[in-house]
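The values are calculated or read from the model by the stated rules, or taken from the named source; none is laboratory data. None of the values given here were measured: they were computed from a predicted structure. Here the Cβ is made from the backbone with ideal geometry for all residues, glycine too, and neighbour counts use every protein chain on show. For accessibility, only protein heavy atoms count, side chains too; no ligands or nucleic acids. Shrake-Rupley method; radii C 1.70, N 1.55, O 1.52, S 1.80 Å.
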Amino acid sequence: MKKKILIAYLIMIPLFIMAFVITYAAFTFQSEVTCTAHVGKVTLESKNYLTYNKTDKTAADFSTDAAYLEYLKERKETPTVTSTSSSITCYASERIGGNRSFDAGQYGYPYLNQFGVKFSVMCEIESYVRINFATSWISQKLYKGSNIERTSIIGGVSFDDENSPFYINDTNWIYIDNYAYLKSPVKGEDLGTEKEFTFNVASDYFYQKVDNPAYYENILVEVRFYVDIVQANRVDSVWPQAAPQLSL
């Protein structure tokens, strides 16, 4: 009889251990799958182009081409918000040509140094923001003594950071390798609300071209901009070239 009781105990002990393990495993699995991790959302809410150029007068308001061209170089204090088109075309060099027939209808283009962008983001988690500028450069040539005009795309235009039209290093922005980085992250009271930012090209920038006695040349540029947003805890791995100069 004692032998049978002993055998029964020996059978029950493994069954009890197995039941405990299964119960613990079930509890652990259940606790893991019901746990919810919070993921912060970051979104680009809007993007627009800004122009600071003078547009309230036309060539007919001036007695000479030179006077009108000087007027077009002026810069307004308050910008005009342009359409949300994918790109904007600007003059990169100072307009020349000697008459208003050259690039007729395009005098209204702003200069690149009268150009800016405005955009807004909404971040639910501390994040960094940068702007990427994509450009296509265009050469317009009017040969002297004729009406022959040539237009061509300039390939391979590149700049050192400090010579770029988008170079800036101030309280808010720093330009590194064709990106303008917002130095401080979106955080604190700005989290979960739409936050707006403005970036302007340097007001004294002009593309420096080589003069040629055979023709007049104007350089235009088509500009697109893109906004990137990254969570602050990933900036070291995603933007390593800029991370040391940001306010981490």
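Structure data summary
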{"item": "Quarter of the Cα convex hull surface for the stretch 149-237, i.e. its orientation-mean projected area (nm²)", "result": "8.7 nm²"}
{"item": "Count of Lys pairs (Cα-Cα under 28 Å; at least 8 positions apart or interchain) in the stretch 126-248", "result": "4"}
{"item": "Heavy-atom surface of the stretch 177-248, accessible at 1.4 Å and reported per residue (Å²)", "result": "55 Å²"}
{"item": "Whole-percent carbon and sulfur share, accessible surface of the stretch 161-203, 1.4 Å", "result": "37 percent"}
{"item": "Residue-wise HN-Hα coupling along the stretch 172-183, computed from phi with Karplus coefficients 6.51, -1.76, 1.60 (Hz; x: Gly, Pro)", "result": "9, 10, 9, 9, 9, 6, 6, 10, 9, 9, 6, 5"}
{"item": "Residues listed by number, the stretch 106-145, amide nitrogen under 15 Å from N178 label point at 7 Å toward C-beta", "result": "131-137"}
{"item": "Using θ = phi - 60° and Karplus 6.51 cos²θ - 1.76 cosθ + 1.60, couplings along the stretch 132-147 (whole Hz; Gly, Pro as x)", "result": "10, 9, 10, 10, 10, 9, 10, 10, 10, 10, 10, 6, 5, x, 8, 9"}
